[in-house]
Structures are given as structure tokens and as C-alpha cells.
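J.: First the structure, which I've put down as C-alpha cells, then a few questions once you've had a look.
The values are calculated or read from the model by the stated rules, or taken from the named source; none is laboratory data. Note that the coordinates shown come from a computational prediction; the quantities given were computed from them, not determined experimentally. Cβ atoms come from the backbone with ideal geometry, glycine included; neighbour counts cover every protein chain shown. Only protein heavy atoms, including side chains, enter the accessible area calculation; ligands, DNA and RNA are left aside. Shrake-Rupley method; radii C 1.70, N 1.55, O 1.52, S 1.80 Å.
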Amino acid sequence: LPAHWALRVLFFAIPVIGLAIVFESIVEFALLLRDRRRQERSWCVMMAKAMREHVLLVGLGRLGFRTYVLLRQLGEQVVVVEQNPQNAFLDQVRRDGAPVIVGDARQDQYLSDANVQNAKSIILATTDDLANLEAALDARRLNPQIRVVLRMFDPNMAEKVRDGFKIHTAMSQSAVAAPVFATAAL
């Protein structure tokens, strides 16, 4: 231990000050990460609001992601709405620069955040037929001119929905896949 009293105080104070600085740095880093997530949502909403004649894609499962990739290859602007923040494809879409709105598309706020009012079309590709239908009807209410493409698992229901609700396209996976399988077999 140092002989002088001031040096003794510094001997014990410097490690405590160092630990406080390290702790403060960890807290600041955590706050920075939290604010980045908040800012990401704001950025995505601003980007979506600036778009016109874009495609709104709801549901980023395997079908949704493949649809996203094809739309981007065709040069289309796409805004994605996905309910699951842990979705495996979200990071790839974010890296591509597309706005991603995390939330339930059945709520008007998320459709508005994705700028459904100025979208040319909406693709509803979730695995929940009723959620797809509800979001389609909400989108049509918010933008009567929007082209609606709806995924449905039941082919009979898809036909009835297409005719009854004036949905542009309502498709079941089996109806889409059958011609491909038949062609591949020949």
C-alpha cells in the first residue's frame, strides 16, 4: 500500500471507477441496440410511405419468401408484413433493403404502415386462410383499387372467395401445383 493518504484513496478508487465505466459502457451499448430496433421500425414505415405502386407481401413463410425473391428479380418494390419477429427469412429481406413491418396484417395500423393506400397489389401468403381473407377485405376497404392475390388451402373455398368477394386471384396450393406436377411427369 502507498504511504501517502491520497495515494491510498486512489489505490482503491481507480478500480471502482474503472468498473463503473465498464458497466456504463455495457448499459449504453444495450440502449443503443434497443434504439436501433425502434429506429428500424420508423425507417421501414418511412420507406413504405414513400413508395407508390409497390407490392405488399403479407406472410414470409417459404411461399412468401419465394414470392418476394421473384418479385425483386422482376424489379418490383416490395413491402413485407410479417407477424413473427423470429421469422428465419426476415434478415435476408432486411439485408436486401426492403421495408419490413413486423405485426399482424389484420390490424389496419400495420396495413397503413405498409402504405396499402398506394400499393398496386397485395399478396396474402400466410398459412391462415381466415387471416388472409380478413387482411384482404381490410386492404380492399383501405384501397378499393388494390389487386388482391390470396392464398387459400381449400380449393373450393378459394373459388367461392374469388367469386363472392371479387378477389382478383384466390388460389389453393394444390390448384397451382397440379399443372406443374402433370407437366413434369410428361
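J.: Go through region 72-107 and count every residue that is surrounded by fewer than 16 Cβ atoms within 10 Å (Cβ to Cβ), outside any loop (DSSP other than H, G, I, E, B) and of a type outside the set (D, E, K, R).
T.: Matching residues across region 72-107 total 2.
J.: Hey, can you tell me all the residues within region 50-81 that are among the charged types (D, E, K, R) and farther than 16 Å from Gly97 by Cβ? Walk me through how you get there before you give the answer.
T.: First, the residues of region 50-81 that are among the charged types (D, E, K, R): 52-53, 62, 66, 72, 76.
Within region 50-81, Arg52, Glu53, Arg62, Arg66 qualify.
J.: One residue is enough: does region 26-47 have a residue meeting the conditions outside any helix (DSSP H, G or I), within 30 Å of Gln145 (Cα to Cα) and within 15 Å of the chain's Cα centre (by Cα)?
T.: Applying the first criterion (outside any helix (DSSP H, G or I)) to region 26-47 yields none.
Taking every residue of region 26-47 in turn, none turns out to be outside any helix (DSSP H, G or I), within 30 Å of Gln145 (Cα to Cα) and within 15 Å of the chain's Cα centre (by Cα).
J.: Given the conditions (1) in contact with a Phe, Trp or Tyr (Cβ under 9 Å, 6 or more places away or on another chain); (2) more than 15 Å from Gln83 (Cβ to Cβ); (3) modelled with pLDDT of 95 or more, and given that Ile101 satisfies all but one, which numbered condition is not satisfied?
T.: Here Ile101 clears every test but (2).
J.: Would you point out the residue of region 108-139, among those that are in a loop (DSSP other than H, G, I, E, B) and more than 12 Å from Val45 (Cβ to Cβ), that is most open to solvent (accessible area, probe 1.4 Å)?
T.: The extreme case among them is Thr127.
J.: Sticking with this one: Quick one: how many residues across region 146-158 are open to solvent by 80 Å² or more (accessible area, probe 1.4 Å) and farther than 11 Å from His168 by Cα? Before the answer, list the steps.
T.: Start the filter on region 146-158 by keeping residues that are open to solvent by 80 Å² or more (accessible area, probe 1.4 Å), which leaves 147, 153, 156-157.
Retained after the next criterion (residues that are farther than 11 Å from His168 by Cα): 153, 156-157.
Looking only at that region, the number is 3.
J.: If I ask for residues that are surrounded by 13 or more Cβ atoms within 10 Å (Cβ to Cβ) and closer than 15 Å to Thr127 by Cβ, which ones from region 50-65 would you list?
T.: Taking region 50-65 as the starting set, the residues that turn out to be surrounded by 13 or more Cβ atoms within 10 Å (Cβ to Cβ) are 51, 54-61, 63-65.
Correct list: Leu57, Val58, Gly59, Leu60, Gly61, Leu63, Gly64, Phe65.
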